1. For residues that are surrounded by 17 or more Cβ atoms within 10 Å (Cβ to Cβ) and under 23 Å from residue 154 (Cα atoms), tally how many sit in segment 374-394.
2. Consider residue 320 against the criteria (1) buried (at least 18 other Cβ atoms within 10 Å of the Cβ); (2) within 26 Å of residue 235 (Cα to Cα); (3) not aliphatic (A, V, I, L, M): it satisfies all of them except one. Which criterion is unmet?
3. Identify the residue in segment 44-77 that is in contact (Cβ under 8 Å) with a residue 24 or more places away in the chain and part of a strand (DSSP E or B) and, among all such residues, is farthest from residue 132 (Cα to Cα).
4. Could you tell me which of the residues 58, 73, 99 is of a type in the set (Lys, Arg) and more than 34 Å from the chain's Cα centre (by Cα)?
5. Quick check on residue 93: is it in a loop (DSSP other than H, G, I, E, B), in contact with a helix residue (DSSP H, G or I) (Cβ under 8 Å, 6 or more places away or on another chain) and modelled with pLDDT of 95 or more?
6. Answer yes if at least one residue in segment 196-205 is touching a Pro at 6+ places or on another chain (Cβ under 9 Å), surrounded by fewer than 16 Cβ atoms within 10 Å (Cβ to Cβ) and on the phi > 0 side of the Ramachandran plot, and no otherwise.
7. From the list 179, 184, exactly one residue is in a helix (DSSP H, G or I), in contact with a Lys or Arg (Cβ under 7 Å, 6 or more places away or on another chain) and within 23 Å of residue 268 (Cα to Cα). Which is it?
8. So residue 349 passes all but one of these: (1) surrounded by fewer than 24 Cβ atoms within 10 Å (Cβ to Cβ); (2) more than 19 Å from the chain's Cα centre (by Cα). Which condition number does it fail?
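The values are calculated or read from the model by the stated rules, or taken from the named source; none is laboratory data. Predicted model, so just to flag it, every value in this text is computed and none were measured. No Cβ is skipped: glycine too gets one built from the backbone with ideal geometry, and neighbour counts run over all protein chains shown.
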Amino acid sequence: PVPVWRRVYPAGPLVAHVLGYVGEVTREELERYSPGDYRGGDYVGKGGVEEFYESVLRGTPGQEAIEVDARGRKVKRIGFIEPGQGKDLELALDLGAQRLASELMAGRVGAVFAMDVHNGNVKVLFSSPNFDANPLAWGISSREWNELMRDPVKPMLNRVIAGTYPPASTFKVVPAFAALAENAVTKRTTFTCTGGTRVGNRFFRCWKRDGGHGPVNVVKGLRDSCDVFFYQAGLRTGIDALVKWGAVFGVGEPTGIDLPGEARGNIAGPAWKLERFKERWYPGDTANYSIGQGFLLLTPIQLARIYAAIANGGKLVTPRLLKGAETSVSLQLPEGPLAIVKEGIEEVVLRGTGRRAGLYGVSVAGKTGTAENPHGDDHAWFVGYAPVENPRYVAVALIEAGLHGSSAAGPVVGELLGYLCRFD
């Protein structure tokens, strides 16, 4: 019998969104690749590392040239090229931490991601629900494929890099930094929160409607996630400066991770709104923007990258699954605003809305978020880094329709950071 070669993925669904799978090349893919590189029946990487590093993993096919007689029978070999083996790749992924993320997300829809804040080495990249790559690599029927594609919870979607969501209060670090860097506020500036504030002819509520937070400065604003502080600080800063600093932190651009299919998210702003809706930008849009709502959309990996830049002192790292491939850009961030923002998000876990993230044996700084979801219950966010004294890892959890970041997503990030720091 002729041996049949099959790609086997021992970790199965656990790493499906990371690795992708191999499958028979389609007509569309044949047109995409250089002529002569592939023929019908060849296998190519589809999704994940398999697709991104296809040219490295594949190797080169062998060739044999033979002379035949009039009847087509082989007379002699006149040329032979040995097939070249593809290269092995070593990934930075921590399989134990990946397994923990999978357990923490059991029965939930969402994403968990963690990386080294200094070099971008990806330790966890888990999207839920997931799929088993093995049947796809071995071949499934078109009916099974269509069922997978039509599944309403979208198991094939890598939510870490391609799911876009309003970041909600997790984004407040950017308006806080922008307001301080632009001298729109100082650490001593306070706004009084009575449960809401008027912007133009609309009343914008704080999440704490019953009496509000009282006098709030930027540190308390981050700690207690006071919306009124950020409405006022954002309006003082202005949308152009908010968009400018968002872009500095990588909002609206792919992070450059070594995976195909990464989404850009949406940095929005007046020019975008005019082009998209033929409408001008209103102060109410700026107020919404300042609390991470409205038109703003981020992927979980983009949000983690922002917090990594805060943790490492202003370096925008490129997330990398391939071990040893490190790139980053120094943002030249002013130290004063950075120190104040760090103080605010340390307070979040010590005394604020993120206390439940700090119960896992490691000091955490981070931020909760509860994002409005037009299709149902609010999405729950938490993003943070640890240990506070000497940051090493950043992690983010997004739970679709998870209601509250503090209770749903905070413990996921806290436990994951505890694990990574303990087994470092």
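1. Matching residues across segment 374-394 total 5.
2. Going through the list (1) buried (at least 18 other Cβ atoms within 10 Å of the Cβ); (2) within 26 Å of residue 235 (Cα to Cα); (3) not aliphatic (A, V, I, L, M), residue 320 breaks only (2).
3. 60
4. Values: 58 fails: more than 34 Å from the chain's Cα centre (by Cα); 99 fails: more than 34 Å from the chain's Cα centre (by Cα).
Answer to the check: 73.
5. On the way: in a loop (DSSP other than H, G, I, E, B): yes; in contact with a helix residue (DSSP H, G or I) (Cβ under 8 Å, 6 or more places away or on another chain): yes; modelled with pLDDT of 95 or more: yes.
For residue 93, the condition - in a loop (DSSP other than H, G, I, E, B), in contact with a helix residue (DSSP H, G or I) (Cβ under 8 Å, 6 or more places away or on another chain) and modelled with pLDDT of 95 or more - is met.
6. Checking segment 196-205: at least one residue is touching a Pro at 6+ places or on another chain (Cβ under 9 Å), surrounded by fewer than 16 Cβ atoms within 10 Å (Cβ to Cβ) and on the phi > 0 side of the Ramachandran plot.
7. 179
8. (1)
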